[in-house]
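The values are calculated or read from the model by the stated rules, or taken from the named source; none is laboratory data. As the structure is a computational prediction, the values presented were derived from the model and not from experiment. Backbone-built Cβ (ideal geometry, glycine too); neighbour counts: all protein chains shown. SASA here: full protein model, heavy atoms, side chains in, ligands and nucleic acids out. Shrake-Rupley method; radii C 1.70, N 1.55, O 1.52, S 1.80 Å.
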Amino acid sequence: MTHWKKLFTYDYLSAEEFDGKDVTLTIKKIEIKEMFNGKTKEENPVLYFEQTDKGIVLNRVNAKSIARLLGTPDTDKWIGGEVTFFP
């Protein structure tokens, strides 16, 4: 059975794309993107990876977790670091 989200194209990664498996990705870059949240435009950090063109929009909790995992709050030093996603 195919999850309904797989029927559409998205710019950002979602848990459904991992097919229930843990996935480790290598950070390639971080960009600030302007996004529309339904009411206003806001800028959000987006993390991109070597293994895919899709990124993940970071929230404060994700960013804090990655900083702890990689041992630094300096996002420039995150490049080349690996993060594992558990769907």
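Before moving on, here are some points about what is shown:
- A Cβ distance below 7 Å, combined with a sequence gap of six or more or placement on separate chains, defines the contacts here; from the stretch 10-38, residues that are of a type in the set (Lys, Arg) reach residues that are open to solvent by less than 70 Å² (accessible area, probe 1.4 Å) and part of a strand (DSSP E or B) in the pairs Lys28/Tyr48; Lys28/Phe49; Lys29/Tyr48; Lys33/Asn44; Lys33/Val46.
- Lys39 at pLDDT 95 or above and open to solvent by 80 Å² or more (accessible area, probe 1.4 Å): no
- Residue in the stretch 33-83 that is farthest from the chain's Cα centre (by Cα), counting only those that are aromatic (Phe, Trp, Tyr) and under 14 Å from Asp11 (Cβ atoms): Phe36
- Of the criteria (1) open to solvent by 60 Å² or more (accessible area, probe 1.4 Å); (2) within 18 Å of Phe85 (Cα to Cα); (3) not in a strand (DSSP E or B), which one Lys29 fails: (3)
- Restricting attention to the stretch 44-87, the residues being outside any loop (DSSP other than H, G, I, E, B) and surrounded by 10 or more Cβ atoms within 10 Å (Cβ to Cβ) number 26.
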